[in-house]
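Here's the structure, in structure tokens; my notes come after.
The values are calculated or read from the model by the stated rules, or taken from the named source; none is laboratory data. Small disclaimer: the values here were computed from a predicted structure and weren't measured. Neighbour counts are summed over all protein chains in view; Cβ atoms, including those assigned to glycine, are modelled from backbone coordinates with ideal geometry.
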Amino acid sequence: MAVAEMLLEILIYYALLGFMVAIVFLIFGIGKVERAAKGAYFFRPQLIPGIMLLWPVVIYRWRKLAQSPEQEG
């Protein structure tokens, strides 16, 4: 049972960290990553489950887009 408990604990921490990333990203980052999302406040809560699951990819893309020069279009 120790392995199952450890895996469950890892999953809980992964989901908790994903939720925190989702909240921070939806408040501060989504408007910088996707310009069409500015002002779309009722749409943002629907993104929470996906961001929680893919939070490492979200952080990577957010950082990559923040480092690149501002692009038009």
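Evaluate the following for Phe42: is it surrounded by 10 or more Cβ atoms within 10 Å (Cβ to Cβ), out of contact with any Ser or Thr (no Cβ under 6 Å at 6 or more places or on another chain) and of a type in the set (Phe, Trp, Tyr)?
no
Can you report the number of residues in the range 6-47 which are modelled with pLDDT under 95 and farther than 21 Å from Ala66 by Cα?
Result for the range 6-47: 5.
Test each condition in (1) at pLDDT 90 or above; (2) outside any helix (DSSP H, G or I) for Gly73 and report the one that comes out false.
Tallying (1) at pLDDT 90 or above; (2) outside any helix (DSSP H, G or I), Gly73 fails exactly one: (1).
From the list Ala22, Ala36, exactly one residue is small (Gly, Ala, Ser), outside any loop (DSSP other than H, G, I, E, B) and loosely packed, with under 14 Cβ neighbours inside 10 Å. Which is it?
Ala36
Every residue in the range 39-49 that is assigned to a helix (DSSP H, G or I) and of a type in the set (A, V, I, L, M), please. So that I can check it myself, show each step before the final result.
The first filter runs over the range 39-49 and keeps only residues assigned to a helix (DSSP H, G or I), leaving 44-49.
Listed by number, the residues that qualify are Leu47, Ile48.
What's the number of the condition Ala4 fails, among (1) surrounded by 11 or more Cβ atoms within 10 Å (Cβ to Cβ); (2) assigned to a helix (DSSP H, G or I)?
Tallying (1) surrounded by 11 or more Cβ atoms within 10 Å (Cβ to Cβ); (2) assigned to a helix (DSSP H, G or I), Ala4 fails exactly one: (1).
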